[in-house]
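In what follows, a single structure is set out as structure tokens and then discussed.
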């Protein structure tokens, strides 16, 4: 057991740090929920891709550099510590790509991965439906066979990035209705022909969208895996979503460092300071835990349902850190980016609102706790 | 709305305070879980009864002074603030007596109440069974008809005070087995013929006992209410148990005051001091809430399931206060009465262990939260 | 000892609730703030004159008489500087006959900057601002002050930085400390009201929204979270009601009672907000539902007139400073 | 970067676990403390010489090599001053050839009083006491000290006040600070082990105990409480393992890492204890079950070598003192 980085890992860290120091935009980019901001983020991703830093863990042929999991974690630490922009490519690179690597055909990988790494194609996920939020097996949107392909019908919601993205991925029912997790198929589709209606959030930003499908045609080679196998494939994605790749510790370490600086600057009351110190250490615990998990994955072990523990831990830590920041800011806590007096361009408030979704998406924390109890601890259903 | 005590209430408080100042034993009595301690507590209760202070809310004819609910709360505040001994008569006076007033015959009241008030007869409750802890409807101990009365068979447990008490009360099945809450009957029985086995707790004290009934004869006039009505009657007791009378605020106010003094004496870290202040105020909130509830009862309103909120609140507050005390004491926290260095004769540790049972007995807090959700908020079963 | 509201106090709250149901539905909160919905009707029933002495046309009552009505304004998320006008203005304008007469008549919406506050809530909806400068209060007609919007999470309760020419202000003789205590209790009452609304809305949603073949409110984890919200509200409310009585009687415990009320109400409301969002899912803070308006109000009010941390710190100091802190009652 | 235990480290822990299963079952904890169950066998596999340099017959390993084995001693609630003998004694007795040789051979059970500690745990079971006096450590044969039992919640891990004649003690050259850090991490590891036992026992009970017609572990409220215990343990353990590495390497972050480990392990274990009792019901702390022995051990160990509050206060000061605290790794 050792916690020292290898020379190669340290070199990689130094390279990433140096590149970021020279390239991260000085000004915060406009929100990626606006068209202009979306394109500004796309430009930034192209710069990243040019340095082969947009998807470091991928094989070189698709634009990566075949980095190890540990190196990916190092990249994430440096990325967020540098204050670099949010990743507009995240749904594709972190959620879809692992599924493409596992279930996609060689032709699909060749067709979709390079454009994803270069941010030429930015992807949105389309899982939930109005009546199927946490309960994905209740999906009703359907796909009907049509000359050499399928036509999609129905209604998806909570699709992040969809307002401006190029492509989407999601499950549609190809079997009879009401069959729960059987008869679902995994589709990749361009968003151009889909009706997209942005959903405005509390901060005024359209972070999510509704998608309406009215017979959009999708050729057969845009089915991922076999028809009818969508549930199994999606669960693999959901498992990677809940696991290592959804929220790397780097993000929370960076938030914890900012929070500590805020507490110092505001001469925090000891009770708040105590909570800040605890949060900072919880971020450390999440980091250490992730290093151990990465090692187990590298050694070929399954992490399985244990990923649910990480999801509960980081999502609740994230809420706690942002809520603490608002409390430290007192009367200025609720100010948004548009306020002249807002701290740090309103990032604490934006981050707070974003953090509140953490215990909800990717399987609510109630569902995760039940998974932990039943599958990790073995309690009866 | 006003929070000022009437002249009569103030006079009553002054009388109680003065009497306690002159009579509360200076030395802590030996534990009521020992025979000698039990009898010492009985003697103390007799003194109380002599001053008509053992059951102030009862009618004068049974040894009380017909005090109002508010006056009873005032009595409790003064009693615990004076550091007076624990009430060995509690199961009778606070749990059984309200049921006797509601369901007992005049003959039963005349027979049992005066001896209860004078501590001539000290009562133990006998609800739980080894396989029916929280789930009382699963009781299996049974009573069989026998010339002019009944014979009791079976096994009860978690009977507090039973090791030394004189009488017991509890439910036995008189209908067919497996009928859940139907066919249960409420019995009053002398403990002399019951086999009592003390259960040793973590602190070495036998706070509870197991009771084994091997055909003990109980005459028909020791059935409370009608045969087969035991469940309904017991629920009325349980409701008063959960409600106002089980744990008056006076106890928690006194604990909170002791805790505050401990925090001052130990120059508490601000984080602990904050929790102490919060606990002190929670005790205040419980007190105010109880005054409002007492007013509603006096005005003839039902409090019903709202009593469950109080039970969750005080039981968790009690654990928190005692746990805080142990943390304030640091290395001395786990010391017991027998340790030369123990703070306050080990009362904090004893109180901590006792407090841990609070979220369990009288309906676990999980059950209470479900009751609140279903019966107060109206959520679906 | 009669810790229950009188029939008059209950009747006032009930009337306010009826008025708000008719004149301040969620649609009015969502889009009508600039019209100050229901203000005219509330003026009509005398809400703004409750704490103004009778000689100026007010009712000469205390905060304890108004506290349930203020709770209703929180339950409805009523727009405008209500707490400031009802609770702070009468204390700040004490002795200013003309201003009190206009206030009692319901002609003047007032917002304030007192204590350590930096921003003036809803300054754009006020007719008159009372601003302390060097500890002294000045009455400034809204037109005579320069307002800078400090946009925030709550699109309805807007905060403003306010600059004014001292010459444009009129020194007034009231008591900023008394005003601060009153408005803090008023805001605590609004937080309790908002929490009650959030709980009721969450219970309603949990009873109808189905997932995994059952209403989400039938799952124990959801039940217990909502039960905890109910408990938090149940034990915060009495602290708020007591604080109103303490402030009215100017008791030695008043400062502590006010802090206890604000901290407990703020925590109960924040818990109600977090749970409401968790029960509703992400739709809870989108424009699809009005829930977001109550969430935002809770976050805004819980930071106003001292957040929980500030009041907890006061309480800690007050309680640990004394070997045996006085209790009231 | 390889934050996983080596095969040797895992093998040692597994051996210790096997030994304890055979020689320290719950009945031995319950009634056999005075015999120091399993100590001879643990000496046989070299546990007490792990941290003793090879020149004295030890294995010359680090705390990181022993931490999982120490966790096992916590899981089994092994009686006797294990953490002190394994982790503190080698550092305190550095340079004392004869004492180290006896220690490595497993002939000497050692208990200690270092740092701010007032009591000596299991002093009656120790052969040798190392006591600091004015900051300097003295080795005192158990027979040469006056022990006063300070009875407490844990009937097995007994605390003693110890008086000794300085003349009867032999000054030793070790490092009390290094010893304190090591024993604190060792106790944190035992807390993690005890928490794992409590969780497993609670899960077992919840899976079989039936109420209301179903196993209590099928109720969501019970499931979620146990899931929270699992999460607390899962994220406390890595902090303990890191602290062992930090202390071995004497890193600048060592003091902070030790406090983080003890605080997190103590909180996880206290949560496991509370939940175990809630899941078992009142039977959980009676002599009917052995659960009480683990509950008591948790309460005893969590107060040892600095309770959570003390370590949290160190952490707060350490972290807020620096604009950008160093991280390791």
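The values are calculated or read from the model by the stated rules, or taken from the named source; none is laboratory data. Note that the coordinates shown come from a computational prediction; the quantities given were computed from them, not determined experimentally. Backbone-built Cβ (ideal geometry, glycine too); neighbour counts: all protein chains shown.
A few points about this structure:
- Yes/no for residue C:237 being within 9 Å of chain B (Cβ to nearest Cβ), touching a residue at least 40 places away in the same chain (Cβ under 8 Å), surrounded by 19 or more Cβ atoms within 10 Å (Cβ to Cβ) and under 25 Å from residue C:297 (Cβ atoms): yes
- Residue in the range D:270-279 that is more than 7 Å from every other protein chain (Cβ to nearest Cβ), more than 27 Å from residue C:227 (Cβ to Cβ) and either surrounded by fewer than 24 Cβ atoms within 10 Å (Cβ to Cβ) or under 21 Å from the mean Cα position of the chain (by Cα) (or both) present: no
- Of note, residue C:151 does not satisfy the criterion of being more than 14 Å from every other protein chain (Cβ to nearest Cβ) and farther than 30 Å from residue D:221 by Cα.
- Inside the range C:1-45, residues that are assigned to a loop (DSSP other than H, G, I, E, B) and within 27 Å of residue C:158 (Cβ to Cβ) make up a count of 7.
- Single residue of the range A:262-277 satisfying the filter (in a helix (DSSP H, G or I) and more than 7 Å from every other protein chain (Cβ to nearest Cβ)) that is surrounded by the fewest Cβ atoms within 10 Å (Cβ to Cβ): A:265
- Of the set (1) in contact with a helix residue (DSSP H, G or I) (Cβ under 6 Å, 6 or more places away or on another chain); (2) under 29 Å from residue C:234 (Cβ atoms), all apply to residue B:337 but (2).
- Given (1) free of Cβ contacts under 8 Å to residues at least 60 places away in the same chain; (2) surrounded by fewer than 16 Cβ atoms within 10 Å (Cβ to Cβ), number of the condition residue A:107 does not satisfy: (1)
- Candidates C:69, C:38, C:11, C:64 - the one that is farther than 18 Å from residue C:106 by Cβ and crowded, with 19+ Cβ neighbours inside 10 Å: C:64
- Screening the range C:196-218 for residues that are more than 7 Å from chain B (Cβ to nearest Cβ) and closer than 15 Å to residue B:376 by Cβ and picking the one that is surrounded by the most Cβ atoms within 10 Å (Cβ to Cβ) gives C:202.
- Verdict on residue A:330 being at pLDDT 95 or above, touching a helix residue (DSSP H, G or I) at 6+ places or on another chain (Cβ under 9 Å) and more than 14 Å from chain D (Cβ to nearest Cβ): yes
- Residue check, residue D:221 free of Cβ contacts under 8 Å to residues at least 24 places away in the same chain, more than 25 Å from residue D:157 (Cβ to Cβ), more than 8 Å from chain A (Cβ to nearest Cβ) and in contact with a helix residue (DSSP H, G or I) (Cβ under 8 Å, 6 or more places away or on another chain): yes
- Enumeration of residues in the range C:281-292 that are part of a helix (DSSP H, G or I) and more than 9 Å from chain A (Cβ to nearest Cβ): C:291
- Test: residue in the range D:242-250 that is facing chain A (nearest Cβ under 9 Å), in contact with a strand residue (DSSP E or B) (Cβ under 9 Å, 6 or more places away or on another chain) and part of a helix (DSSP H, G or I): yes
- Which numbered condition residue B:127 misses (of (1) closer than 17 Å to residue B:188 by Cβ; (2) in contact with a helix residue (DSSP H, G or I) (Cβ under 7 Å, 6 or more places away or on another chain); (3) free of Cβ contacts under 8 Å to residues at least 60 places away in the same chain): (3)
- Residues within the range D:132-191 that are assigned to a helix (DSSP H, G or I) and crowded, with 17+ Cβ neighbours inside 10 Å, tallied: 16
- Residues of the range A:339-360 that turn out to be outside any helix (DSSP H, G or I) and either within 14 Å of chain D (Cβ to nearest Cβ) or surrounded by fewer than 20 Cβ atoms within 10 Å (Cβ to Cβ) (or both), as a count: 3
- Condition check for residue B:40 on (1) surrounded by 20 or more Cβ atoms within 10 Å (Cβ to Cβ); (2) over 27 Å from residue B:295 (Cβ atoms): one failure, at (1).
- Helices (runs of 4 or more DSSP H) enclosed by the range B:1-109 - at least 1 residues per element that are within 30 Å of residue C:7 (Cα to Cα), under 19 Å from the mean Cα position of the chain (by Cα) and within 14 Å of chain C (Cβ to nearest Cβ): B:69-81
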